[in-house]
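One structure is given below, encoded as structure tokens.
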Amino acid sequence: MANDLFGTTGVRKVYGSEFTLDMAMKLGKALGTYLQTGKILIARDTRTTGKMVVDAFVAGVLSTGVDVTRLGIVPTPTLAYLTKKMGFDAGVMVTASHNPPEYTGIKFWHRDSMGYTSEMEKELETLYTSGGFKVAPWNELGQEAVLGDAVEKHIVDIIDHCDSEAINRKEFKVIVDPGNGAACVLTPYLVRELGCKVVTINGQPDGHFPGRESEPEEETLQALIHMVRKQGADLGIAHDGDSDRGVFVTETGEVVRGDRTIALLAKTLLKKEKGSTVVTTVDSSKVLDEIVQKTGGDIVRTPVGDIQVAVKLKELGGIMGGEACGVFIFPSFHMAPEPFLAACKILEMMAHTGKSFGVLVSEIPIYPLLKTKLQVANDKKKVVMQELSGILPKEIDGIQDVITVDGIGLVLDDGWVLVRPSGTEPVIRITCEATTDDRVHEILDSCEQVVRKTIASQK
Ligand code: MG
């Protein structure tokens, strides 16, 4: 089914039943045909299917006469950054991000280090479906090369973007949990280069993800929390499978939501560049708006997804962007998520202020957040969401903005609501935040009633 080849970002499917090597080769042919000429960079995360999928994809690309350079296992940000730095025409990451180990996928990156937008993906999909691929003759096939020091190149440039001397002097103790994903080859070495004492858990690259589930969140990071406390460490750093996300743990073992970390980092950046714009998604805490506005900056919200944030950052010339799930984008470096620089910026802030991460982040308030989910048959989700996009905004007070790409997001004066159909389960999820307990319950109750009624009306 070609019309659902691409999901929110890139292709992400279960290997075998939904994704085959034929598809990988055809996608390679489609990309080569799309580019017509030039060279691409390709890398993969630690998934068991990764090498095979890369091989099939590369065969497809070479058959169109486009050159390929392979990086092996590296984090997604390394692939995206080097695509830009080394002048490749596209970057390709074979990954299924934080999905379970049986998934595989392919994500595309533009030469400026930004992910392919849905318009670019659509063009690729049209080519993929048409099957009208460019076929290079035997003596004009693409050439293949291997680049061995990608991670070293990336690390050198990350360190250039922070005050490494200040960090070095502090000799922080850091626990790294790459979750057996691609960051195994980068984060422990980066942090060591900064003079930190590093202890790594789940540190062997392993596509079975034996250590923990790939999505870094409080429930999956119990071993890291325990280790940070036990070792008396200054910071814990965790990543997802392809390491475009970073989640940080304080010295007391608190897992800090990404939106609070963005608020902390943006505050420092905005002091130097007043009046700049910070971009985040609809589901980030209102506390971020308050901190950014108080520091003299503007905040802009987009639908969920790191590409959406990057597109807006580029359009507005923003200073920083990110998502609550642990995405951090620094346009002065590149346009892809950069959890490694975020980690360095936290260490830098600790070094400059003499305060612990926990103390720094305690200056950012936490507002009450509530979630619920309502059962709805998969085949009814679409029509229910369509109905809701008309009804829901009329039922809630204090609406500043309505964002209806990929779910319904309502930005309120004193909070926000996100209503999204699950991609994997027969449920619609409602998440909301407000500045007080009473208000968050009020918002959730009103939304739940409207969604429940709409589902009932479709039966
Ligand atoms: Mg990811």
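The values are calculated or read from the model by the stated rules, or taken from the named source; none is laboratory data. Predicted, not measured: the structure shown is a model, and the values here were computed from it. Glycine gets a Cβ as well: all are built from the backbone with ideal geometry, and neighbour counts include every protein chain shown.
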Yes or no: the stretch 126-146 includes at least one residue that is small (Gly, Ala, Ser), within 16 Å of Thr83 (Cα to Cα) and away from the ligand (no atom under 16 Å from the Cβ).
yes
Would you check if Asp234 is within 16 Å of the ligand (Cβ to nearest atom), among the acidic types (Asp, Glu), outside the structural domain of Lys51 (by TED's automatic domain parsing) and in contact (Cβ under 8 Å) with a residue 60 or more places away in the chain?
no
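Do we find a residue being of a type outside the set (D, E, K, R) and more than 26 Å from Asp160 (Cβ to Cβ) anywhere in the stretch 320-339?
Taking the stretch 320-339 as the starting set, the residues that turn out to be of a type outside the set (D, E, K, R) are 320-322, 324-337, 339.
Now drop any that are not more than 26 Å from Asp160 (Cβ to Cβ), which leaves 324-325.
Checking the stretch 320-339: at least one residue is of a type outside the set (D, E, K, R) and more than 26 Å from Asp160 (Cβ to Cβ).
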Of residues in the stretch 204-218 being away from the ligand (no atom under 16 Å from the Cβ) and out of contact with any Pro (no Cβ under 6 Å at 6 or more places or on another chain), the one farthest from Leu341 (Cα to Cα):
Pro210
Out of Leu264, Leu221, sole residue that is within 16 Å of the ligand (Cβ to nearest atom), of a type in the set (A, V, I, L, M, F, W, C) and either in contact with a Leu (Cβ under 9 Å, 6 or more places away or on another chain) or closer than 30 Å to Val94 by Cβ (or both)
Leu221
Going through the stretch 31-53 in order, the residues found to be within 20 Å of Tyr15 (Cα to Cα), surrounded by 24 or more Cβ atoms within 10 Å (Cβ to Cβ) and aliphatic (A, V, I, L, M) are Ile42, Ala43, Val53
Restricting the stretch 237-261 to residues that are away from the ligand (no atom under 16 Å from the Cβ) and within 14 Å of the chain's Cα centre (by Cα), which is surrounded by the most Cβ atoms within 10 Å (Cβ to Cβ)?
Asp259
Boolean, Phe340 is buried (at least 19 other Cβ atoms within 10 Å of the Cβ), away from the ligand (no atom under 16 Å from the Cβ), on the phi < 0 side of the Ramachandran plot and touching a residue at least 40 places away in the same chain (Cβ under 8 Å)
no
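With more than 25 Å from the chain's Cα centre (by Cα) and among the charged types (D, E, K, R) as the only criterion, which of Lys29, Lys51 stands out?
On the way: Lys51 fails: more than 25 Å from the chain's Cα centre (by Cα).
Step by step, each of Lys29, Lys51 is checked, and only Lys29 is more than 25 Å from the chain's Cα centre (by Cα) and among the charged types (D, E, K, R).
Just name the residue that is farthest from the ligand (Cβ to nearest atom) out of those in the stretch 77-112 that are of a type in the set (S, T, N, Q) and in contact with an Asp or Glu (Cβ under 7 Å, 6 or more places away or on another chain).
Going through the qualifying residues, I end up with Thr95.
Rundown of residues vs (1) loosely packed, with under 14 Cβ neighbours inside 10 Å; (2) free of Cβ contacts under 8 Å to residues at least 24 places away in the same chain; (3) in a strand (DSSP E or B); (4) not polar (S, T, N, Q), yes/no style:
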{"residue": "His352", "(1), (2), (3), (4)": "yes, no, no, yes"}
{"residue": "Gly358", "(1), (2), (3), (4)": "no, no, no, yes"}
{"residue": "Ile364", "(1), (2), (3), (4)": "no, no, no, yes"}
{"residue": "Asp397", "(1), (2), (3), (4)": "yes, yes, no, yes"}
{"residue": "Asp401", "(1), (2), (3), (4)": "yes, no, yes, yes"}
{"residue": "Val417", "(1), (2), (3), (4)": "no, no, yes, yes"}
{"residue": "Asp438", "(1), (2), (3), (4)": "yes, yes, no, yes"}
{"residue": "Asp445", "(1), (2), (3), (4)": "yes, yes, no, yes"}
Give just the number: which of (1) assigned to a loop (DSSP other than H, G, I, E, B); (2) within 24 Å of Pro365 (Cβ to Cβ) does Thr431 not satisfy?
(1)
